[in-house]
Amino acid sequence: MTIIRIASGVGLVLGLASVQASAQALEGDAERGQQAAGVCVACHQADGMGMDNPNGESWPRLAGLPAAYIAKQLHDIKAGRRESATMMPFANMLDDQQIADVSAYYAEMAPWPALPTAYQPADPEDAAEWLANRGDWAEDAMIPACNQCHGPNGQGVGAVFPPLAGQHAGYLQAQLEAWRDGARHNDPNRLMAGIAERLDEAQITMIADYYATLPATLAVPDAPSSEEDAP
Ligand code: HEC
Ligand code: HEC
């Protein structure tokens, strides 16, 4: 039952997202956003890359996330649909225009191509890669492939499905736990909550580590020059 909802959920989510996007469609100004983001630097850093804090709360990378996704999160935190004692006061400081502005500012920043820890070469039996690309269809699991929504190599799709690649492991893990525990309940149709509830601890750690070590941007092969192509 749940699976049918998830499988057909994508189209529905896209529909929902466009409704939300139009409700929040304020034009953002990256230059004004830089001013408003002065206080954010303490945690999200001047380059928008945040920081993984193995012994505490990790600060997510914001650089290069879609503006509409960033704006949605800030509205969700303000409204309590996403509970974070750390972020709430900072989200509350921003009015709707400032949210649009800081979102434009961070969306324009280039993420680091990759986080310092390099992922080991893919092995066909790699359990994390399997979960990311095929899901886990064991009887009690029924977990769809993450990349079905988050895109090839977890690069993200549009403004609704955020990139997971190149995001800090501690942060990814905290979000999966937040959905499972009910602290984050801002996902359309409970798409992520339903999945997080079915992941076990080991899978959560494994998949968070996996995505953190994937490059934030896929290398695009150089277009062959016409001279090289010439017979
Ligand atoms: C004291 C540290 C701190 C400061 C300052 C701070 N943040 Fe955050 N931010 C966090 C933490 C921690 C999270 C993760 C919250 C959670 O677990 O849900 C977060 C999450 C976010 C997210 C969600 C990212 C995602 O991938 O979903 C956005 C967007 C964000 N912050 C924007 C801002 C902006 C804009 C400012 C400044 C106005 C700011 N933050 C200031 C700590 C901070
Ligand atoms: C059916 C679609 C779907 C599938 C499958 C899916 N996700 Fe998601 N995921 C979403 C959506 C939608 C969001 C954004 C929710 C929001 O608006 O806050 C999201 C957000 C996330 C985030 C938060 C990112 C951030 O920046 O805060 C994490 C972590 C995540 N997903 C992990 C996973 C993992 C791991 C899997 C596979 C086990 C997975 N997702 C499978 C739809 C999906």
Would you check if residue 147 is among the polar types (S, T, N, Q) and in contact (Cβ under 8 Å) with a residue 24 or more places away in the chain? no
Inspect all residues belonging to the stretch 37-53 and state whether any of them is away from ligand 2 (no atom under 13 Å from the Cβ), surrounded by fewer than 16 Cβ atoms within 10 Å (Cβ to Cβ) and at pLDDT below 95. yes
So how many residues does the stretch 127-164 have that are over 11 Å from residue 195 (Cβ atoms) and assigned to a loop (DSSP other than H, G, I, E, B)? 13
Would you pick out the residues in the stretch 71-98 that are near ligand 1 (Cβ under 10 Å from one of its atoms), without any contact (Cβ under 8 Å) to a residue 40 or more places away in the chain and part of a helix (DSSP H, G or I)? 74, 77, 88, 89, 91, 92
Qualifying residues in the stretch 142-156 (those that are within 9 Å of ligand 2 (Cβ to nearest atom) and surrounded by fewer than 18 Cβ atoms within 10 Å (Cβ to Cβ)) - the one farthest from residue 217 (Cα to Cα): 145
Looking only at the stretch 133-143, decide whether some residue is in contact with a Leu (Cβ under 8 Å, 6 or more places away or on another chain), modelled with pLDDT of 90 or more and under 26 Å from residue 49 (Cα atoms). no
Which of the residues spanning the stretch 157-176 are more than 21 Å from residue 55 (Cα to Cα), surrounded by 22 or more Cβ atoms within 10 Å (Cβ to Cβ) and either more than 10 Å from ligand 1 (Cβ to nearest atom) or acidic (Asp, Glu) (or both)? 160, 161, 165
Which of the residues spanning the stretch 177-190 are near ligand 2 (Cβ under 10 Å from one of its atoms), hydrophobic (A, V, I, L, M, F, W, C) and surrounded by fewer than 22 Cβ atoms within 10 Å (Cβ to Cβ)? 178
Taking the condition modelled with pLDDT of 95 or more, farther than 23 Å from residue 83 by Cβ and either in a loop (DSSP other than H, G, I, E, B) or aromatic (Phe, Trp, Tyr) (or both), does residue 118 pass? no
Name the residues in the stretch 82-102 that are within 15 Å of ligand 2 (Cβ to nearest atom), surrounded by 19 or more Cβ atoms within 10 Å (Cβ to Cβ) and of a type in the set (Val, Ile, Thr), would you? 99
Any residue at all in the stretch 101-114 that's of a type in the set (Asp, Glu) and under 22 Å from residue 28 (Cα atoms)? yes
Number of the condition not met by residue 47 [criteria: (1) assigned to a helix (DSSP H, G or I); (2) in contact with a Phe, Trp or Tyr (Cβ under 9 Å, 6 or more places away or on another chain)]: (1)
Just a yes or no: is a residue in the stretch 193-205 closer than 20 Å to residue 55 by Cα, part of a helix (DSSP H, G or I), more than 9 Å from ligand 2 (Cβ to nearest atom) and of a type in the set (Ser, Thr, Tyr)? yes
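The values are calculated or read from the model by the stated rules, or taken from the named source; none is laboratory data. Just so we're clear, the structure is a prediction, and the values are computed from it rather than from any experiment. With ideal geometry, Cβ positions are generated from the backbone for all residues, glycine too; neighbour counts draw on all protein chains shown.
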